[in-house]
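Working notes for the structure below.
The values are calculated or read from the model by the stated rules, or taken from the named source; none is laboratory data. This structure is a prediction, so every number in the text was calculated from the model and none was measured. With ideal geometry, Cβ positions are generated from the backbone for all residues, glycine too; neighbour counts draw on all protein chains shown.
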Amino acid sequence: MKVAGIDVAHKTLEVVVSVGEKAGKAQEYANTASGHLALVKALKAAGVERVCLEATGSYHLDLALALDAGGLALMVANPKASKNFAEALLTRTKTDAVDAAVLAQFALRMPFEPWQRPDDQAVALRACARRLEALNRARTEAKNQLHALSQTLMTPEIVLADVRLSIRQCEDQIQALRTWAEAHIQAKADLKEIFDLLNSVKGIATASAIQIMGELLVLPPDMRAKQWVALAGLDPRQTQSGTSVNKKSRLSKAGNRYLRLALYMPALSAARHDRHVNGYYRHLIEDRGLKKIQAVCAVMRKLLHAIHGMLKSRQPFDGGRFYVLTETPA
């Protein structure tokens with residue numbers, strides 16, 4: 001049986017095709033739309049029967065969709081399962097090529113579990129949400145440019161008018177996409193239910209709910225809250241070695257930046273307007289000595305845990321479960 005293992009990175013794909021237990025030479029492809037098409041074509045030409053890759057959040061999804069559309073039998077392995085499998089093989093070297101070869105053996109030896117393609121409605125919503133994020137970023141850049149250009153009398157009016165036009169165009173596009181997204185959500189009962197649950201959090205309004213849904217709904221339904229946190233890059237990264245290196249923990253940021261962006265403003269707003277979230281925020285600053293930005297990031301992480309629980313239980317946000325306020329003695 002011919003199988004292929006794919007190690008997915010941010011920019012590249014390392015691919016190893018194995019015939020039985022004999023691994024071929026690793027090949028590298030770009031982790032782009034054109035790279036995906038080239039890879040699908042190569043795998044089909046080689047007669048590959050099964051493909052295995054790891055679930056790596058946003059990096060693997062577009063590739064998985066392309067492989068599925070190309071008619072290839074695909075298995076997306078849990079990273080922990082593939083790590084344990086590599087240890088069982090007594091793998092001593094860790095490189096992209098070795099990881100790809102291990103995944104090929106995983107596809108060959110382990111029970112094949114076909115990848116379940118995310119609902120097309122969720123994939124469409126993600127595309128819309130990411131386009132909205134890009135347009136919001138472009139609008140902010142244009143507004144900053146307009147402010148800078150307006151500070152000098154040397155800027156011709158035609159330049160100022162052009163920047164204003166860019167801002168208006170971005171705003172029109174944002175409104176059109178947001179209207180489409182809202183109609184898309186309202187047209188499907190399960191999407192509407194999730195949208196309403198998210199809106200039960202003070203700080204999450206329509207725009208933020210669209211962004212959050214776009215990133216979360218394409219994830220496997222069995223992912224745990226801690227996996228969501230790691231996916232968003234909101235997990236702490238420690239750097240320690242011997243007695244001389246012991247740096248302060250920092251956010252890993254090794255994950256889906258779109259999800260982090262989607263959570264930032266809701267966390268900031270909730271910390272101001274929800275008394276339970278505000279209590280937790282103040283506790284982090286006053287009792288634990290965190291800086292304000294560190295406290296906001298901690299609120300983002302805890303809010304993501306809360307959203308996970310809300311979607312599992314189908315219950316609205318409960319501030320009392322988020323953080324129990326300490327009553328001040330009279």
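Summary of computed values
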quantity: Selection count where residues are outside any helix (DSSP H, G or I) and either free of Cβ contacts under 8 Å to residues at least 60 places away in the same chain or closer than 23 Å to ASN256 by Cβ (or both), scope segment 81-138; calculated: 16
quantity: Members of segment 17-30 found to be modelled with pLDDT of 90 or more and more than 13 Å from ALA4 (Cβ to Cβ), listed by number; calculated: GLU28, ALA30
quantity: Qualifying residue in segment 34-45 (condition: part of a helix (DSSP H, G or I), of a type in the set (A, V, I, L, M, F, W, C), surrounded by fewer than 19 Cβ atoms within 10 Å (Cβ to Cβ) and at pLDDT below 90); calculated: no
quantity: Every pair of residues 6+ apart whose Cβ atoms lie under 7 Å, when the first sits in segment 155-172 and is of a type in the set (S, T, N, Q) while the second is modelled with pLDDT of 95 or more; calculated: THR155/LEU149; SER166/ALA142
quantity: Residue count, segment 144-172 (criterion: among the hydrophobic types (A, V, I, L, M, F, W, C) and surrounded by 14 or more Cβ atoms within 10 Å (Cβ to Cβ)); calculated: 6
quantity: In segment 71-95, the residues that are more than 24 Å from the chain's Cα centre (by Cα) and surrounded by 16 or more Cβ atoms within 10 Å (Cβ to Cβ); calculated: LEU72, ALA73, PHE85, ALA86
quantity: Residue selected from segment 195-218 under the condition surrounded by fewer than 23 Cβ atoms within 10 Å (Cβ to Cβ) and of a type in the set (S, T, N, Q), by the criterion farthest from ALA183 (Cα to Cα); calculated: SER200
